[in-house]
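None of the figures in this text is laboratory data; all of them are computed from the coordinates on show. Because the structure is a prediction, the values reported are computed rather than measured. Cβ placement follows ideal geometry from the backbone for every residue including glycine, while neighbour counts extend to all protein chains displayed.
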Amino acid sequence: MAKHEKLSIDQGSDVSIELTLTNMDKTPKDLTDYTITGKLAENYEADSADKLSFIAVVTNQLGGLVTLSLTNAQTDSLKAKRRYVYDVEASFLDSDTTIIERILEGNIYINPSVTR
């Protein structure tokens, strides 16, 4: 089951979110051969074209560290004072089957910018 987090980001700012993934026994998850993806949208029914993708980078495979980011241009395109939904998934190929696990989900509130 994915962890649920409410986040708040500033419109027009670069955003970086660090995740530390762990196994059930609290040891760091080995992310070798994993792909991390994440998207946000105004609602769960949004079309693919209306979803914004996070830039997801595994920064330490053996330590379970992942960085999600959005550029200032991406956050500037978001509507201020609006709550968005998001989720993040980890996937890997096991034999011939792709295994997908949702690791994080929740809401993101967009703080308005005066200088926008």
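How many of the residues making up region 65-116 are at positive phi and charged (D, E, K, R)? Talk me through it step by step, then tell me what you get.
Filtering region 65-116 for residues at positive phi gives 81, 95, 106.
This time we only want the ones that are charged (D, E, K, R), so: 81.
Matching residues across region 65-116 total 1.
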Q) Within region 66-86, how many residues turn out to be surrounded by fewer than 17 Cβ atoms within 10 Å (Cβ to Cβ) and part of a helix (DSSP H, G or I)? A) 3
Q: Kindly indicate the residue of region 39-62 that is closer than 17 Å to T22 by Cα and not in a strand (DSSP E or B) and also farthest from the chain's Cα centre (by Cα) among those meeting that condition.
A: L62
Q. From the list I99, I36, I103, I110, which one is assigned to a strand (DSSP E or B) and over 26 Å from T22 (Cα atoms)?
A. I110
Q | Pairs, first touching a residue at least 40 places away in the same chain (Cβ under 8 Å) in region 71-83, second of a type in the set (K, R), C-beta under 7 Å, six or more apart | A | D76/R116
Q: For residues that are of a type outside the set (A, V, I, L, M) and in a loop (DSSP other than H, G, I, E, B), scanning just region 1-24, find the one that is nearest to N111 (Cα to Cα).
A: Q11
Q.
Out of everything in region 53-65 that is surrounded by fewer than 16 Cβ atoms within 10 Å (Cβ to Cβ) and of a type in the set (A, V, I, L, M, F, W, C), what residue ends up being nearest to Y86 (Cα to Cα)?
A. I55
Q: Could you grab me the full set of residues in region 23-52 that are within 19 Å of F92 (Cβ to Cβ), among the polar types (S, T, N, Q) and loosely packed, with under 12 Cβ neighbours inside 10 Å?
A: N23, T27, T32
Q) List, please: which pairs have Cβ atoms under 7 Å, are six or more places apart or on different chains, and start with a residue in region 86-107 that is without any contact (Cβ under 8 Å) to a residue 12 or more places away in the chain and end with one that is assigned to a strand (DSSP E or B) and among the polar types (S, T, N, Q)? A) T98/S91; I99/S91; I100/S91
